Ligand SMILES: [Zn+2]
């Protein structure tokens with residue numbers, strides 16, 4: 001062993017053996033207090049409870065939308081772009097039935 005574990009101070013991003021000190025992983029008491037202050041100011045936390053208006057951007061998603069779907073899959077679930085339609089197809093007609 002004997003290796004010195006160097007870490008980056010979360011507050012000031014200076015790299016050093018902060019874990020060996022009294023304020024690890026912070027480089028100093030000051031940096032630790034600054035980080036604590038951030039938490040108390042809820043800078044790191046979600047400060048607002050979830051409200052209906054937060055979901056408005058997603059209101060046009062169909063119910064049961066798989067939010068884990070990739071972008072490609074998401075596009076497939078929506079109406080295909082005009083270029084993907086058969087040229088001779090009526091847009092209102094199911095292209096697979098033609
Ligand atoms: Zn620091």
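A crude spin-label estimate for the pair residue 17 and residue 4, with each label 7 Å from Cα along the Cβ direction, gives 0.5 nm. A simple spin-label model places the labels of residue 30 and residue 92 7.3 nm from each other, with each point 7 Å out along Cα-to-Cβ.
Read-outs: derived from the displayed coordinates by stated rules, not from any lab. Just so it is clear, the structure is predicted and the values come from calculations on it, not from any experiment. Backbone-built Cβ (ideal geometry, glycine too); neighbour counts: all protein chains shown.
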